[in-house]
Ligand code: HMG
Ligand code: MG
């Protein structure tokens, strides 16, 4: 890995859309994924194998995965598509689709930075994302079970995903504030959860500031705590900021100083969690890319192209643009 390379995980098609009440057509979701890949996003969270009663917007995730495997996705670089699975039922649904297209995806995880000179349709790698919570209240609201029970389920999901040669990303939500328990989430508890999930075989951890309550000092405290607990922050940890209080880029700067080189963001700043009332969207991909470029970091993302995607998808969804840079570029 080049020192100045930062990996962006584009979560727009999942986190960005999951909260929308109006059903977004399958064709729009697929066009979004294809346009993001063309704009240089190489890791895209494309859907969620969750209960359709809990999150109806994600109920066509099977069709999305099927389409991606059947038709491929034009891209300059190797792609990874990620899908959420809260339990083995969700994972089994994904694996059943994969088994119909055994030659359509690569099994190895792809950590190499994108190359500008490999055009064409690439075979994607598939990744499963599980999602734990740092507070009991959020775990019950989001997963209908305690943290301990969720870990038992996740252990089974990780083992089955490993049997299928799938990479597993483990989210921990509400790490810097909980909509039900407030901002004082214990960083030691987050570190203990991260250690446990990595010990179970998760390949990486994404720390979710679900409510956007995180501040610079508390981001620093959290990452120091993880480091002191033996978690390799530079290699194994991503940050997933929501921008509800406008602190996402400040917190990104702090995370960069602590060695984090992977960040989740959503095109157009779309998003919100159905079980986090009032939380606004993820930090906009356009804002993160602009910020990282200003620091001389390389993301492989074409900023103008992703700004066009942001303008288009916010229009399709009927939402105001959630980021600053995308709006500024459009007005320029
Ligand atoms: P439950 O009701 O306790 O599940 O929900 P259950 O096991 O008792 O089953 C009840 C019904 O759901 C059954 O169907 C199951 O078959 C079905 P019925 O017999 O009633 O017809 N079911 C499923 N259907 C499809 N796919 C599945 C599945 N599992 C059970 N995988 C459950 C428990 C975990 C399923 C539910 O709570 C759930 O789906 N939760 C997901 C919530 C969610 O997606 N939240 C948003 C994503 S997390 C997030 O946004 C945070 C993040 O962005 C990071 C951050 O910002 O912090 C990642
Ligand atoms: Mg989120």
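Please treat every number below as a calculation from the coordinates, not as lab data. Just so it is clear, the structure is predicted and the values come from calculations on it, not from any experiment. Methodologically, a virtual Cβ is constructed for each residue, glycine included, from the backbone with ideal geometry; neighbour enumeration extends over all protein chains shown.
Taking 2.2 N^0.38 Å as the expected size of a compact globular protein, what ratio does the Cα radius of gyration of region 220-327 give against it, to two decimals? Each step should come with its number before you reach the end.
Working: Rg = 14.5 Å, N = 108, 2.2 N^0.38 = 13.0 Å.
Taking N as the residue count of region 220-327, the ratio is 1.11.
Counting only DSSP beta bridges with both residues in the chain, the antiparallel share comes to about 10 percent. On the beta carbon distance between residue 152 and residue 257, with R0 = 35 Å, the FRET formula returns roughly 0.45.
How would you order 34-44, 160-170 from highest to lowest mean count of nearby Cβ atoms within 10 Å? Mind dumping the intermediate values first?
On the way: 34-44: 23.1, 160-170: 19.8.
Ranking, from highest mean packing down: 34-44, 160-170.
When the chain is treated as a Gaussian network with alpha carbon springs shorter than 10 Å, the biggest mean-square fluctuation among 259, 268, 212 belongs to 259. The translational diffusion coefficient of the chain, from Stokes-Einstein at 4 °C and 1.567 mPa s with a Kirkwood hydrodynamic radius over alpha carbon pairs, comes to 67 µm²/s.
Residues considered: 187, 13, 277. Largest GNM mean-square fluctuation over the chain, using C-alpha springs under 10 Å, is found at 277.
The helix-based estimate of mean residue ellipticity at 222 nm for the chain, built from -39,500 (n - 2.57) per DSSP H run of four or more residues and divided by its residue count, is -12500 deg cm²/dmol to the nearest 500.
Of 286, 31, 262, which is the most mobile in a GNM of the chain whose springs link Cα atoms less than 10 angstrom apart? Among 286, 31, 262, the largest mean-square fluctuation in the Gaussian network model of the chain belongs to 31. Have a look at the DSSP beta bridges in region 119-267 and tell me what percent are antiparallel, nearest 5. Bridges in region 119-267 that DSSP calls antiparallel: roughly 5 percent. Available extension along the chain between residue 245 and residue 23 is 77.2 nm, counting 0.36 nm per residue and deducting the alpha carbon span.
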